[in-house]
Amino acid sequence: MTTEPRRILLAVTGGIAAYKVPEIVRDLQRDGHEVRCAMTRSAARFVAPLSLQVLTGATVRQDLFDPSEEGEIDHIRLADWADLIIVAPATAHILGRMSHGLADDLVSSVLLATRAPILVAPAMNVNMWHHPATQANLDVLRERGIHFVGPGVGELACGWEGEGRMADPEEIAAQARRLLGSDSLAGETVLITAGGTAEPIDAVRSITNRSSGKMGFALAEEAAHRGARVCLVAGVTALPTPAGVERVDVETAMEMREVVLAQLDSASIVIKAAAVADFRPEVREEQKIKKASLESQDGITLRLVTNPDILAEVCAQKGDRLVVGFAAESEDVVQSALRKIKQKGCDLLVANDISRADAGFNVDTNSVYLITPDGEIEEIPLSSKREVAAQVLDRVEKLRNEKPR
Ligand code: CTP
């Protein structure tokens, strides 16, 4: 990902994982970014301010009211200076202070004053993480648009095992890069479909599926971060529109097809993440079917007819467009997906195992295989849908560079 040098403030709070902060600093500096650190008083017990000062070449701010520091560059200027703030490690205490808008030290004041995106890498004991108070704070912060990376599962410094380990420094730096955006898809128009379709039976009932749209929305968000113009055709989903994305809502497969084909000319990349219904009721009753009419007929038979395969239609008029399909499989995932990519004719197929509880429909994580027409298979292990979206788009960029226009 190519990115202009940006200004990143690393806010360090008091956890044992603070010793990994220098790695995050170095990783981001390698991209040419300017990194500064601020820390809470307890953070200074875990990592020496002097180490961070030497690494960043800038004063490490700790005190809100330090006469030698305040005035030279006060906390508001620090908040305004940053293009991105990373809180790592983030203790349960700082999450509580952030969610309540407290500003009783330098770090919390900067976090309240900034208008920059904030990325939080929590690290704490597993029981503190799962405590309803922490979870409620997380809900509030997520709602306000704060970004999170981790925590991971593993052996914790306190001796317990479970969720609470700070995400690896590389993962934090990768997520930071993503939030800073890039121009790697600048000039591309990406058409993405997401969510399930609903096929009406009568005025109130429909046949739908369990797709939440999360994977397609994560792809739309990520493509917009990379500088693409993004048109998102959304089926049935409750998700908010990602920033910078143009959205068209549809309900049925036929409506989705119409919008996709109308937008196709302007698209250079098409990603079909939607769970499109293969069938629709042949007849849509204008009025609600009454229970009495079902009882009198001893039930009714719904005749289903086939919906057009939108992906296959897009592939049939692919031109120099790059087309990515998805495959929802519940058995023989790789074999079925290899067959599917041949049938559909797309450049890349993202196959997921929908029988897993932690992947596929309506969860925040996914584990997929990226499959190419020549039979190349790459496994992306269980990761957040945001991370999977980034990896899918990395592969799309690679194919884009290989494929002549
Ligand atoms: N798809 C589509 N139009 C359809 C059905 C599917 O565009 N009517 C697209 C999906 O958006 C996805 C890909 O085709 O990108 C594969 O969808 P999937 O449901 O996995 O496969 P199907 O083609 O429906 O085949 P099957 O149900 O037999 O697995």
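Of all the listed residues (GLY227, GLY244), the sole one being within 18 Å of the chain's Cα centre (by Cα), touching a residue at least 40 places away in the same chain (Cβ under 8 Å) and more than 11 Å from the ligand (Cβ to nearest atom) is GLY227.
Just so you know, in the stretch 153-170 the residues that are open to solvent by 30 Å² or more (accessible area, probe 1.4 Å), outside any loop (DSSP other than H, G, I, E, B) and out of contact with any helix residue (DSSP H, G or I) (no Cβ under 6 Å at 6 or more places or on another chain) include one that is modelled with the highest pLDDT, and it is ARG165.
Restricting to the stretch 254-275, count the residues that are more than 10 Å from the ligand (Cβ to nearest atom), in a helix (DSSP H, G or I) and open to solvent by less than 70 Å² (accessible area, probe 1.4 Å). Count: 5. Could you list, in sequence order, the residues of the stretch 318-327 that are loosely packed, with under 11 Cβ neighbours inside 10 Å and on the phi < 0 side of the Ramachandran plot? Scanning the stretch 318-327 gives a single hit, ASP320.
Residue pairs whose Cβ atoms lie under 6 Å apart, separated by 6 or more positions or on different chains, with the first residue in the stretch 78-93 and open to solvent by 20 Å² or more (accessible area, probe 1.4 Å) and the second modelled with pLDDT under 95 and not in a loop (DSSP other than H, G, I, E, B), do not occur. Checked against the criteria, GLU251 does not count as farther than 27 Å from ASP394 by Cα, of a type in the set (Asp, Glu), over 25 Å from the mean Cα position of the chain (by Cα) and open to solvent by 70 Å² or more (accessible area, probe 1.4 Å). Under the condition of being open to solvent by 20 Å² or more (accessible area, probe 1.4 Å) and either of a type outside the set (Val, Ile, Thr) or free of Cβ contacts under 8 Å to residues at least 12 places away in the same chain (or both), the residues counted in the stretch 141-152 number 8.
For every residue, the table says whether it meets (1) basic (Lys, Arg); (2) under 25 Å from the mean Cα position of the chain (by Cα); (3) over 19 Å from VAL12 (Cα atoms); (4) surrounded by 16 or more Cβ atoms within 10 Å (Cβ to Cβ).
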{"position": "LEU106", "(1), (2), (3), (4)": "no, no, no, yes"}
{"position": "SER109", "(1), (2), (3), (4)": "no, no, no, yes"}
{"position": "ARG115", "(1), (2), (3), (4)": "yes, yes, no, no"}
{"position": "ALA123", "(1), (2), (3), (4)": "no, yes, no, yes"}
{"position": "VAL126", "(1), (2), (3), (4)": "no, yes, yes, yes"}
{"position": "HIS131", "(1), (2), (3), (4)": "no, yes, yes, no"}
{"position": "THR134", "(1), (2), (3), (4)": "no, yes, no, yes"}
{"position": "LEU138", "(1), (2), (3), (4)": "no, yes, no, yes"}
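The residue that is modelled with the lowest pLDDT, counting only those in the stretch 176-194 that are assigned to a loop (DSSP other than H, G, I, E, B) and of a type in the set (Ser, Thr, Tyr), is SER182.
Here ARG210 clears all of (1) at pLDDT below 95; (2) buried (at least 20 other Cβ atoms within 10 Å of the Cβ); (3) under 20 Å from the mean Cα position of the chain (by Cα) except the condition numbered (2).
Considering only the stretch 304-337, how many residues are among the acidic types (Asp, Glu) and within 8 Å of the ligand (Cβ to nearest atom)? Before you say what the answer is, go through the steps one by one.
Initially, the stretch 304-337 is screened for residues among the acidic types (Asp, Glu), giving 309, 313, 320, 329, 331-332.
If we keep only those that are within 8 Å of the ligand (Cβ to nearest atom) as well, we get 309, 313, 329.
The total comes to 3.
When ILE118 is tested against (1) closer than 24 Å to LEU219 by Cβ; (2) modelled with pLDDT under 90, just one condition goes unmet, and that condition is (2). Using the structure shown, decide if GLU313 is without any contact (Cβ under 8 Å) to a residue 24 or more places away in the chain and either open to solvent by 50 Å² or more (accessible area, probe 1.4 Å) or in the same structural domain as GLY216 (by TED's automatic domain parsing) (or both). Taking the combined requirement at face value, the residue does not satisfy it. On the basis of being within 19 Å of the chain's Cα centre (by Cα), modelled with pLDDT of 95 or more and within 16 Å of the ligand (Cβ to nearest atom), does THR197 make the cut? It is false that THR197 is within 19 Å of the chain's Cα centre (by Cα), modelled with pLDDT of 95 or more and within 16 Å of the ligand (Cβ to nearest atom). When the criteria are applied in full, ASP278 meets the requirement of being among the charged types (D, E, K, R), within 15 Å of the ligand (Cβ to nearest atom) and either open to solvent by less than 80 Å² (accessible area, probe 1.4 Å) or touching a strand residue (DSSP E or B) at 6+ places or on another chain (Cβ under 8 Å) (or both). When we screen LEU382, LEU302 for residues that are touching a residue at least 60 places away in the same chain (Cβ under 8 Å), open to solvent by 30 Å² or more (accessible area, probe 1.4 Å) and not in a helix (DSSP H, G or I), the only hit is LEU302.
Look at ALA389 and say whether it is within 24 Å of the chain's Cα centre (by Cα) and of a type in the set (Gly, Ala, Ser).
Yes; evaluated as a whole, the condition is true for this residue.
Counting only residues that are open to solvent by less than 10 Å² (accessible area, probe 1.4 Å) and within 24 Å of GLY360 (Cβ to Cβ), the stretch 219-232 holds 6 of them.
The values are calculated or read from the model by the stated rules, or taken from the named source; none is laboratory data. Owing to the predicted nature of the structure, the values given are computational and were not obtained by experimental measurement. Quick reminder, even Gly has a Cβ in these numbers, built from the backbone with ideal geometry, and neighbours come from all protein chains shown. Ligands, DNA and RNA are excluded from the accessible area calculation, which covers all protein heavy atoms including side chains. Shrake-Rupley method; radii C 1.70, N 1.55, O 1.52, S 1.80 Å.
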